[in-house]
Structure formats: structure tokens, C-alpha cells
Amino acid sequence: MLHRISTVLALVAAMALSLCGCKDDVFEHDASLFSVTVQVLFPEHYNVDPAQGVTVRLVNLDNRLYSTQVANEQGYVTFANVVRGKYRISSGMKIGAAEAVALGETIVTPEDVANGRLVNLNTSMENIELRNDANLGTIRLKSSLPGDFLIKEVFYSGTRTPNGKAYYSDHFVEIFNNTDKLLFADSICIATVYGANGSVDYGTPTVFGTDKEHVYLDFIWMIPGSGHSAPFYPGTSMLVAQNGLNHKADPNGNPNSFDLSFADYETFLQRDIQRDLDILEVPNMTEIFASRPNTHDWVLHSYGSSIVIFKYKDLDALERVPEPNSTGGYTLVKLPVSAVLDAFEALANSRAGMFKRVPTALDMGFAFCNGIYNGESCRRKVEDTVNGRIILQDTNNSTDDFEVLASPTPKSFQ
């Protein structure tokens with residue numbers, strides 16, 4: 001069965017190369033060309049190795065050119081005609097739940113097998129400095145199942161007003177029901193992850209980067225409800241806006257922005273000195289935690305914000321840790337990776353991988369817009385449409401799962 005899967009993957013990869021013009025010598029030809037080899041292995045708990053037939057991509061972080069290869073019977077791929085620079089390697093494949101069980105997978109249930117669910121196998125290596133022929137050793141795939149609740153779109157770049165001023169009150173996060181079942185969104189939390197994003201003027205990599213079992217949160221919001229108050233139908237989304245108004249038409253908005261008056265929820269911060277705008281027609285999210293209590297608005301960083309959605313039975317029991325280098329006694333919430341339903345990582349640019357804030361168990365890669373206040377948005381790709389219901393791609397890799405749009409598409413795919 002594995003051989004059959006590998007053969008199909010190889011054929012698909014070959015077709016993709018012929019269609020997109022990407023090939024193993026996509027990098028420039030000059031006197032300093034060299035080759036790079038890596039071996040891909042299955043997860044440690046699988047009863048087979050190496051990962052024959054898996055697709056591997058090498059991306060040049062300077063010019064964004066990439067080459068794609070398929071691992072041979074020993075799991076090896078070799079990239080030829082590589083020039084000096086910084087690179088990212090990503091590797092991934094999908095197999096059926098039944099095949100995964102036969103290989104030793106432990107996260108699959110009998111229901112997953114009966115429903116023909118797919119298992120993601122992927123991994124990545126960031127910021128690899130390549131200057132000559134190199135054998136990068138081995139990289140090991142990690143397994144995951146596509147999520148039920150997914151982050152569909154994040155708008156963090158912001159827009160500019162007609163007189164050129166930065167405008168960020170139109171930020172939003174959109175969550176999607178990626179199943180064929182009725183779910184309930186009550187008590188789902190949306191949170192921003194602490195840490196710098198790699199912009200020129202914004203700090204150093206997070207000190208929590210070595211902790212692979214937790215994410216560190218500086219803001220948490222929760223969808224209100226008693227358990228069955230927020231029905232979430234298959235193939236639909238819930239839009240959480242910073243300010244749920246028609247930004248394009250409202251006097252408080254920006255003519256160069258867009259309409260968010262149909263948002264399902266908005267984030268409103270009640271403070272002694274009130275500066276946040278409360279749109280009465282849009283229900284408010286419940287504020288759970290703010291690392292800096294004097295904050296007057298929930299603002300996503302325009303160079304790149306990282307978002308997680310999660311559920312946790314006892315939010316008050318979550319550990320608080322000091323914010324690094326804080327002189328004001330500020331704290332962060334330490335959340336176990338196991339509680340996270342989905343994650344989205346955005347950084348400042350293609351070379352900012354060292355600034356990753358989200359553990360690779362949740363997100364192998366990262367997305368990035370091509371500037372700030374330019375109206376660009378990051379939206380998850382559509383994988384399939386079944387009986388009119390959209391199914392979104394989820395491989396736990398924002399680099400592959402998200403695309404950058406010239407303008408946002410709240411509650412839409414157009």
C-alpha cells in the first residue's frame with residue numbers, strides 16, 4: 001500500500017513540476033553552484049522507515065525561488081544547482097487513516113478510519129545557511145489530523161487613510177467549521193502569542209522559543225455562551241472584528257478600508273478611561289486576559305501576529321509567568337500545546353524564521369504580507385469542495401496552508 005501511495009505522489013509531483021516550471025535546477029547557474037542532500041524519516045512511532053515518496057521543497061529565502069523533489073526508496077532527496085544563501089526545507093504528504101494505522105499511527109480513531117479521514121505528515125527546517133555542498137542529515141515527519149475548528153483568515157496588515165495615516169481598527173480573525181457536523185463555538189478562545197515578529201525595529205527572538213510544549217499568550221478573548229449558545233454550522237465561519245463597523249462608510253472609519261458591520265463578534269475593552277469603540281449591534285467577546293491591563297484596544301501587530309484558538313476547562317488555573325524584561329510586573333499566560341485547536345503564525349518577511357513564536361508541533365512554518373498598512377490579508381487555501389461545502393487545507397504549516405491576498409475577504413472566499 002505504501003508503495004502505491006509513493007508512486008502516486010511521485011506522479012503528482014512530476015506533473016506539478018511540468019505545470020509550474022519548477023525543477024531541480026530552478027536556481028541560477030554560476031560558478032559557485034553546489035548540491036544539498038537530506039533524508040526524510042517517518043515519525044518515530046511508525047513501523048517503517050525511511051519516508052519513500054514524500055515531497056520535499058527547498059526555498060531560497062532571498063529570492064523565493066524553490067525546487068521540489070520526491071524522496072527515493074531510501075528517503076533521500078538531492079537538490080542540484082543551489083547557490084549560496086539562506087533556505088527553508090519543508091516536507092509533507094497525506095495518507096489515509098487506515099494506512100496510517102497500519103504504519104503504527106496512534107492519533108487515529110476507528111471513526112477516522114470509517115470516514116476516510118486523512119493524516120498529515122510534515123516537517124520543516126528554517127533559516128538554513130548554505131554555502132557549499134551539504135548533507136543536512138535527517139529530518140523526521142510529524143503526524144497530525146486536520147482540525148475541526150480552523151483559522152480561516154487573519155487581517156493584521158491594516159490600511160491607510162486618504163491622507164496616508166496608518167489605520168488598524170479593521171483587524172479581524174475569522175474561524176471556520178471545517179467539518180460536516182454542527183459544532184458549538186461557545187468558550188472557544190482566540191489569543192495572540194507573545195514575541196517579536198522579525199521586523200527591523202521590533203526586538204529579538206522570544207526567549208520561550210525552546211519550549212516546545214507551551215505557547216505564551218499576551219491577550220485572550222473568549223466567545224461567550226452557555227455551551228449551546230453559538231451554533232457553528234458546517235462550512236461556515238465566525239468573524240471576530242476589532243471594531244464591528246462599516247469602516248469604509250462610517251465617520252469613525254477609513255474610506256480605504258472595508259465593511260465589518262456584519263461581524264459575529266467584536267473585541268471591546270472596558271476601561272476606566274474609555275477609548276475603545278463599542279458597536280452596540282455587534283456582540284462583544286469576553287475579555288479573559290490582557291498582559292498589560294492599561295491597553296485600550298486589541299491591536300494585531302502590522303508586521304505579523306501569531307494567533308491560536310483553543311479551549312481550556314479552567315482558564316483561571318492556567319499558569320502565569322513574568323513577561324521577559326518587564327519593569328511593570330506584566331505577566332503572560334502559559335498554555336499547553338495540547339489545548340490548542342489551531343494556530344496561525346505570521347512574521348515580518350521570508351527571512352524571519354528565527355523569530356517563530358509558535359512551536360512546530362502546532363505550525364511548521366509561517367506566512368507574511370509584503371508590507372504594512374497595504375490592505376493585504378492571509379487566508380487559508382481551499383483544499384476541496386464536497387456537495388457545495390468548502391473544505392480548507394490544514395497541514396499545520398502556515399507557509400503552505402495560507403495565501404496572501406491583495407485585499408481581505410471576511411465571511412467570503414471572493
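Derivation of every value follows stated rules applied to the coordinates shown; laboratory data play no part. All of these numbers come straight from a predicted model, not from anything done at the bench. We place every Cβ from the backbone using ideal geometry, glycine too, and count neighbours over all the protein chains shown.
What are the ³J(HN,Hα) values, in whole Hz, obtained from phi via the Karplus relation 6.51 cos²θ - 1.76 cosθ + 1.60 with θ = phi - 60°, for each residue of segment 152-157 in sequence order, with x given for Gly and Pro?
7, 8, 10, 10, 10, 5
Step through the residues of segment 362-369 one at a time and calculate ³J(HN,Hα) from phi using the Karplus curve (6.51 cos²θ - 1.76 cosθ + 1.60, θ = phi - 60°), rounding each to whole Hz and writing x for Gly and Pro.
With the stated coefficients, segment 362-369 comes to 9, 8, 6, x, 6, 9, 7, 8 Hz.
Give me the net charge for the shell around residue 62: Cβ to Cβ below 9 angstrom, other residues only, Lys and Arg +1, Asp and Glu -1. List each step's numbers first, then the result.
Details: positive: 64, 86, 351; negative: none.
That works out to +3.
For residue 275 and residue 115 in the same chain, what is the full-extension length gain: residue separation times 0.36 nm, less their Cα-Cα distance, in nm?
Gain on extension, residue 275 to residue 115, equals 52.6 nm.
Based on the Cβ-Cβ distance of residue 212 and residue 165, what FRET efficiency does E = 1/(1 + (r/R0)^6) give at R0 = 51 Å, to the nearest 0.05? Mind dumping the intermediate values first?
Values: r = 41 Å, r/R0 = 0.79.
Between residue 212 and residue 165 the formula returns 0.80.
Under 5 Å between amide hydrogens, which residues at least 5 positions from residue 225 or on another chain qualify, with H placed 1.01 Å from N in the peptide plane?
Distant-sequence amide H within range of residue 225: 187.
In whole angstrom, how far apart do the alpha carbon centroids of segment 393-410 and segment 72-126 sit?
20 Å
What's the exposure ranking of 345, 99, going from fewest to most Cβ atoms within 10 Å? Don't skip to the end; give the middle numbers.
Working: 345 30, 99 18.
Listed from fewest to most nearby Cβ atoms, that is 99, 345.
Taking H placed 1.01 Å from N in the peptide plane, check which residues at least 5 places from residue 305 or on another chain put their amide H under 5 Å from its amide H.
Placed amide hydrogens put 346 under 5 Å from residue 305.
At 222 nm, what value in deg cm²/dmol follows for the chain if DSSP H runs of at least 4 each add -39500 (n - 2.57) and the sum is divided by all its residues, to the nearest 500?
Calculated mean residue ellipticity at 222 nm is -2500 deg cm²/dmol.
Classify segment 149-405 as rounded, prolate or oblate, taking a ≥ b ≥ c as the square roots of the eigenvalues of its Cα gyration tensor: rounded when a/c is under 1.5, otherwise prolate if a/b is larger than b/c and oblate if not.
Numbers: a/c = 1.14, a/b = 1.04, b/c = 1.10.
Taking the square roots of the gyration eigenvalues as a ≥ b ≥ c, segment 149-405 is rounded.
Simple spin-label model, 7 Å along Cα-to-Cβ: residue 182 to residue 316 in nm?
Once both label points are built, they end up 3.2 nm from each other.
Expressed as a rounded percentage, what relative contact order does the chain have, with Cα pairs under 8 Å and six or more residues apart? Before the final figure, lay out each step's value.
Numbers: 1032 pairs, mean separation 63.5, N = 414.
For the chain, the relative contact order is 15 percent.
Could you give the length gained on full extension between residue 249 and residue 136, defined as 0.36 nm per residue of separation minus the Cα-Cα distance, in nm? Could the numbers behind the result be given before it?
Values: separation 113, 0.36 × 113 = 40.68 nm, distance 5.42 nm.
Using 0.36 nm per residue and subtracting the Cα-Cα distance, I get 35.3 nm.
Stokes-Einstein D for segment 299-348 at 10 °C, 1.306 mPa s, Kirkwood Rh over Cα pairs, in µm²/s?
Numbers: Rh = 12.8 Å.
Rounded, D is 124 µm²/s.
With point charges of +1 on the Cβ of Lys and Arg and -1 on the Cβ of Asp and Glu, referenced to the Cα centre of the chain, which listed residue (116, 35, 367) lies farthest in the positive direction of the dipole?
Positive-most Cα among the choices belongs to 35.
Can you work out the Karplus-derived ³J(HN,Hα) for every residue in segment 385-401? Use 6.51 cos²θ - 1.76 cosθ + 1.60 with θ = phi - 60°, whole Hz, and x for glycine or proline.
Karplus-based 3J(HN,Hα) across segment 385-401 equals 10, 10, 6, x, 8, 6, 10, 8, 6, 8, 10, 6, 8, 4, 4, 8, 7 Hz.
Between residue 102 and residue 32, 0.36 nm times their residue separation minus their Cα-Cα distance comes to what? Before the final figure, lay out the partial values.
Values: separation 70, 0.36 × 70 = 25.20 nm, distance 4.51 nm.
Roughly 20.7 nm would be gained on extension.
Considering amide H positions built from the backbone, and no H for Pro or chain starts, which residues 5 or more places from residue 392, or on another chain, come under 5 Å of its amide H?
Those qualifying (amide H under 5 Å, at least 5 residues apart or on another chain) are 383.
Can you tell me the dipole magnitude for segment 149-405 around its Cα centre, using point charges on the Cβ only (Lys, Arg +1; Asp, Glu -1), in Debye to the nearest 20? Display every interim value, and only then the final one.
Numbers: 20 positive and 33 negative charges, 81 e Å.
Roughly 380 debye, rounded to the nearest 20.
Less than 15 Å Cβ to Cβ from residue 294, Lys/Arg counted +1 and Asp/Glu -1: what total charge do the surrounding residues give? Don't skip to the answer; put the middle values down first.
Values: positive: 271, 275, 292; negative: 218, 272, 276, 287, 297, 323.
Overall, the nearby charge balance is -3.
Could you give the distance between the Cα centres of segment 176-192 and segment 214-251, to the whole Å?
Each part reduced to its Cα centre gives a spacing of 10 Å.
Suppose each label sits 7 Å from its Cα in the direction of the beta carbon; what would the residue 409-residue 48 distance come out to in nanometres?
3.6 nm
Past 22 Å, Cα to Cα: identify those pairs from 142/181; 313/356; 212/334, in the order given.
Working: 142/181 27 Å; 313/356 27 Å; 212/334 12 Å.
Among 142/181; 313/356; 212/334, the Cα-Cα distance tops 22 Å for 142/181; 313/356.
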